[in-house]
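S.K.: Sharing a structure with you now.
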Amino acid sequence: MATDLVLLPGRAAPTAPLIAAIETLAAAAPFRRLQTPGGGTMSVAMTNCGSWGWHSDTRGYRYLARDPLTGCAWPAMPAAFARLAGEAAAEAGFPGFVPDACLVNRYEIGAQMGAHRDFDELDLRQPIVSVSIGLPAQFLWHGEQRRTRPRVVELRDGDVLVWGGRARAGYHAVRRLTAPDLLTHGTTPQGLELRYNLTFRRAK
Ligand code: MD3
Ligand code: FE
């Protein structure tokens with residue numbers, strides 16, 4: 001694993017208050033499946049909170065101050081989100097992280113995210129903080145080259161990952177979400193049949 005990637009297991013637990021906040025913000029800025037520049041539709045549904053929201057359509061990837069779906073500014077970033085992201089970044093060795101964007105990804109069973117890099121942010125020296133909520137997922141870390149066979153990291157409810165330094169520029173993906181085996185799990189984390197991921201970024 002790259003040295004600038006820090007996993008803080010369970011750091012965001014309990015996640016029930018985060019789920020409630022996601023449901024509140026999604027009432028104002030609904031989840032939607034975005035178009036890719038290549039003409040496809042992402043399987044992951046997304047929304048945003050904060051000053052800037054990540055958006056994709058046939059014209060490309062970019063950050064927008066307003067939700068194109070509603071014409072309104074994105075919902076404000078809840079103070080608890082900003083605090084969690086700033087504290088986790090500091091614990092991972094990146095003090096002073098003040099996110100201005102929070103992309104909220106919603107994975108239903110069958111959703112996945114193909115290998116990509118995140119470089120739509122202005123200052124790539126800023127870390128990214130990711131918070132996993134709900135069903136576990138297999139995160140795939142390819143690193144510097146997309147063709148490198150990935151390392152698999154299981155991300156569970158409440159896990160926080162911080163990416164900075166060289167890891168910030170690496171290729172990564174999320175394996176197709178599968179239904180939980182209720183015989184072994186008994187119940188789904190937080191009663192959720194899906195997975196949310198919050199990614200906190202400094203966009204501008
Ligand atoms: C490493 N999301 O939103 S979070 C994304 O689980 C994204 O929803 C995944 O990749 C998810 O762009 C993975 C972890 C993550 C997020 C951004 C990164 C890892 C990263 C940016 C650079 C390097
Ligand atoms: Fe990413």
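The values are calculated or read from the model by the stated rules, or taken from the named source; none is laboratory data. Remember, it's a predicted structure, so these values are computed and weren't measured experimentally. Ideal geometry is used to build each Cβ from the backbone, glycine not excepted, and the neighbour counts take in all protein chains shown. Heads up: the accessible areas ignore ligands, DNA and RNA and are worked out on the full protein's heavy atoms, side chains in. Shrake-Rupley method; radii C 1.70, N 1.55, O 1.52, S 1.80 Å.
S.K.: Only residues that are more than 18 Å from residue 22 (Cα to Cα) and under 19 Å from the mean Cα position of the chain (by Cα): list them for segment 67-82, please. Even if it seems obvious, please write down each step before you answer.
M.R.: So the first thing to find is which residues in segment 67-82 are more than 18 Å from residue 22 (Cα to Cα), and the list is 68, 71.
Across segment 67-82, there are no qualifying residues.
S.K.: Please determine, by comparing only the residues of segment 166-204 that are more than 18 Å from residue 133 (Cα to Cα) and over 18 Å from the mean Cα position of the chain (by Cα), which one is farthest from ligand 2 (Cβ to nearest atom).
M.R.: The qualifying residue farthest from ligand 2 (Cβ to nearest atom) is 183.
S.K.: In this structure, is residue 29 closer than 18 Å to residue 89 by Cβ, under 17 Å from the mean Cα position of the chain (by Cα) and either crowded, with 17+ Cβ neighbours inside 10 Å or hydrophobic (A, V, I, L, M, F, W, C) (or both)? Can you show your working first?
M.R.: Details: closer than 18 Å to residue 89 by Cβ: no; under 17 Å from the mean Cα position of the chain (by Cα): yes; either crowded, with 17+ Cβ neighbours inside 10 Å or hydrophobic (A, V, I, L, M, F, W, C) (or both): yes.
No.
S.K.: On to the next question. Kindly indicate whether residue 173 is open to solvent by less than 10 Å² (accessible area, probe 1.4 Å), more than 10 Å from ligand 1 (Cβ to nearest atom) and in contact with a Gly (Cβ under 9 Å, 6 or more places away or on another chain).
M.R.: Details: open to solvent by less than 10 Å² (accessible area, probe 1.4 Å): yes; more than 10 Å from ligand 1 (Cβ to nearest atom): no; in contact with a Gly (Cβ under 9 Å, 6 or more places away or on another chain): yes.
Answer is no for this residue.
S.K.: Take segment 13-47 and flag every residue that is over 21 Å from residue 87 (Cβ atoms), free of Cβ contacts under 8 Å to residues at least 60 places away in the same chain and not in a loop (DSSP other than H, G, I, E, B).
M.R.: Hits for segment 13-47 are 23, 24, 27, 28, 32, 35, 41, 47.
S.K.: So which residues in segment 190-203 are farther than 14 Å from residue 47 by Cβ, within 15 Å of ligand 1 (Cβ to nearest atom) and either in a loop (DSSP other than H, G, I, E, B) or out of contact with any strand residue (DSSP E or B) (no Cβ under 8 Å at 6 or more places or on another chain) (or both)?
M.R.: Answer for segment 190-203, where residues must be farther than 14 Å from residue 47 by Cβ, within 15 Å of ligand 1 (Cβ to nearest atom) and either in a loop (DSSP other than H, G, I, E, B) or out of contact with any strand residue (DSSP E or B) (no Cβ under 8 Å at 6 or more places or on another chain) (or both): 192, 202, 203.
S.K.: Anything in segment 99-137 that is part of a strand (DSSP E or B), open to solvent by 20 Å² or more (accessible area, probe 1.4 Å) and either closer than 29 Å to residue 191 by Cα or more than 11 Å from ligand 2 (Cβ to nearest atom) (or both)? List them, or say none. I'd like the intermediate steps shown before the answer.
M.R.: Narrowing segment 99-137 to residues part of a strand (DSSP E or B): 101-107, 113-116, 128-134, 137.
Narrowing the set further to residues that are open to solvent by 20 Å² or more (accessible area, probe 1.4 Å) leaves 106, 113-116.
Residues satisfying the conditions are 106, 113, 114, 115.
S.K.: Would you confirm whether or not segment 89-107 contains a residue that is touching a residue at least 40 places away in the same chain (Cβ under 8 Å), more than 10 Å from ligand 1 (Cβ to nearest atom) and among the charged types (D, E, K, R)? I'd like the intermediate steps shown before the answer.
M.R.: If we filter segment 89-107 for residues that are touching a residue at least 40 places away in the same chain (Cβ under 8 Å), which is where we start, we get 89, 91-94, 97-107.
Checking which are more than 10 Å from ligand 1 (Cβ to nearest atom) leaves us with 89, 91-94, 97-102.
Then keep just the ones that are among the charged types (D, E, K, R); that gives 91, 100.
Yes: segment 89-107 contains one or more residues that are touching a residue at least 40 places away in the same chain (Cβ under 8 Å), more than 10 Å from ligand 1 (Cβ to nearest atom) and among the charged types (D, E, K, R).
S.K.: On the basis of being farther than 30 Å from residue 79 by Cβ, polar (S, T, N, Q) and away from ligand 2 (no atom under 15 Å from the Cβ), does residue 145 make the cut? Walk me through how you get there before you give the answer.
M.R.: Numbers: farther than 30 Å from residue 79 by Cβ: yes; polar (S, T, N, Q): yes; away from ligand 2 (no atom under 15 Å from the Cβ): yes.
In short, yes.
S.K.: Looking at 161, 140, 155, which one is surrounded by 14 or more Cβ atoms within 10 Å (Cβ to Cβ), more than 23 Å from residue 84 (Cα to Cα), within 16 Å of ligand 2 (Cβ to nearest atom) and under 15 Å from the mean Cα position of the chain (by Cα)?
M.R.: On the way: 161 fails: more than 23 Å from residue 84 (Cα to Cα); 155 fails: more than 23 Å from residue 84 (Cα to Cα).
Among 161, 140, 155, only 140 is surrounded by 14 or more Cβ atoms within 10 Å (Cβ to Cβ), more than 23 Å from residue 84 (Cα to Cα), within 16 Å of ligand 2 (Cβ to nearest atom) and under 15 Å from the mean Cα position of the chain (by Cα).
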